[in-house]
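The values are calculated or read from the model by the stated rules, or taken from the named source; none is laboratory data. Predicted model only: the values in this text are computed from it and were never measured. In this analysis, Cβ positions are derived from the backbone assuming ideal geometry, glycine residues included, and neighbour counts consider all displayed protein chains. Note: accessible area is taken over every heavy atom of the protein model, side chains too, but ligands, DNA and RNA are not part of it. Shrake-Rupley method; radii C 1.70, N 1.55, O 1.52, S 1.80 Å.
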Amino acid sequence: MINGKESKKQASSTSTLPKITKIEAQKRKGRYNIYLDEEYAFPVDEAILIKHILHKGMEISKTFRQQLEIEDGYRKAYTRALVYLNYSLRSIKEIKDDLIAHEFTGETADQVIEQLKEQGYLNDLMYAESYTRTAANVSGKGPYVIKRELKKRGVKEETIEEAMEQYPFDQMVENGVALAEKVMRRSSQHSSRETGNKIRQNLMQKGFQSDVITQVLEQITTEKEDDDEYDALKTQGDKIWRKQSKLTGSKKIQKVKSALFQKGFAGDLITQYINEKEMEEEDE
């Protein structure tokens with residue numbers, strides 16, 4: 001007669017773990033589906049398949065399956081990071097944000113980042129230097145804008161300062177002059193003073209500091225020839241004159257004078273223009 005202990009021991013010796021009955025390649029290259037006891041169980045990356053020499057007939061315990069699934073999750077995160085890096089250099093923060101956005105855990109993201117750093121794929125200084133050179137050479141951005149954008153991408157302050165060595169002062173002035181010339185081409189209908197103000201404002205918005213702006217303004221000429229200045233005044237003046245069409249007499253003249261003065265035109269030119277407009281109205 002078999003006692004209780006012997007019965008349990010016999011049952012234990014005859015129990016079996018689930019076995020791999022099929023390994024099926026997915027349409028997605030490098031990915032495989034694992035079937036246990038003829039039923040789909042979980043997917044794995046090719047690297048994991050090779051690492052653990054997974055094969056038909058292999059028994060898979062619950063603990064081992066959990067390990068495979070954890071490793072596969074890490075492998076998917078690593079592959080995702082490589083794909084993201086394939087388009088361009090990325091900062092550490094950009095990689096982590098992207099992995100989190102694709103529902104990988106922070107812990108997995110940190111592990112992937114450490115591996116990528118060890119392999120030389122992730123380096124915030126290298127990224128910041130490349131970003132600075134591109135921003136300076138292609139878009140002509142000022143240093144403050146570049147610093148702000150790098151900070152937003154998670155690059156540390158000391159790393160940013162080191163990267164800014166890629167953007168020498170002479171190049172900042174050169175970029176500033178190019179930007180100022182664009183503003184001047186768009187400002188043919190503005191006064192010399194307003195053109196200068198627009199240039200200064202535009203350079204500040206683009207992230208250039210005061211010492212660069214001073215150098216830029218010394219290298220360009222915003223002063224228009226007298227005829228060009230007066231042509232600009234007439235263009236602005238005619239617009240204002242029409243806008244104040246409901247007014248008459250001294251009130252209209254005062255409004256037009258005030259508006260033209262605010263736009264930076266000289267008093268003698270404004271007086272000349274007003275005299276001409278008054279004569280025109282007398283002739284009508």
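Using a probe of 1.4 Å, the accessible surface attributed to SER187 totals some 0 Å² when neighbouring protein chains are kept in position. The convex hull defined by the C-alpha atoms of the range 144-244 has an orientation-averaged projected area of 8.2 nm².
Normalised by the number of residues in the range 231-283, the mean separation of alpha-carbon contacts (under 8 Å, six or more apart) gives a relative contact order of 38 percent. Taking GluC sites (Glu not before Pro) across the range 202-255, the ones in a DSSP loop with at most 14 further Cβ atoms lying within 10 angstrom of their Cβ are GLU223, GLU225. Residue-wise HN-Hα couplings along the range 136-142, as the Karplus relation 6.51 cos²θ - 1.76 cosθ + 1.60 with θ = phi - 60° gives them from phi, are 6, 7, 9, 9, x, 5, x Hz; Gly and Pro carry x. Straight Cα distances below 15 angstrom link LYS224 to the aspartates and glutamates GLU181, GLU194, with same-chain residues fewer than 8 positions distant left out. The C-alpha radius of gyration of the range 65-195, expressed as a fraction of 2.2 N^0.38 Å, stands at 1.45. Extension gain, LYS182-ASP238: 0.36 nm per intervening residue step, less the Cα-Cα distance, totals 17.6 nm. Over the chain, dividing the summed -39,500 (n - 2.57) contributions of all DSSP H runs of at least 4 residues by the number of residues returns a 222 nm mean residue ellipticity of -20500 deg cm²/dmol. Rolling a 1.4 angstrom probe over the chain with all protein chains present gives an accessible area of which 48% lies on carbon and sulfur atoms.
For the range 135-200 versus the range 15-53, the spacing of their alpha-carbon centroids is 55 Å. In the range 54-135, inverting the average of 1/r over every pair of distinct C-alpha atoms gives 14.2 Å as the Kirkwood radius.
Accessible surface ranking for THR214, THR132, THR108, 1.4 angstrom probe, highest first: THR214, THR108, THR132. Put LYS29, LYS263, LYS252, LYS182 in order of accessible area, highest first, and with a 1.4 Å probe you get LYS29, LYS182, LYS263, LYS252. Each Cα pair under 8 Å and six or more residues apart adds its sequence gap; the mean of these over the residue count of the range 168-221 is a relative contact order of 52 percent. Within the range 124-167, the proportion of C-alpha pairs whose separation exceeds 15 Å stands at 24%.
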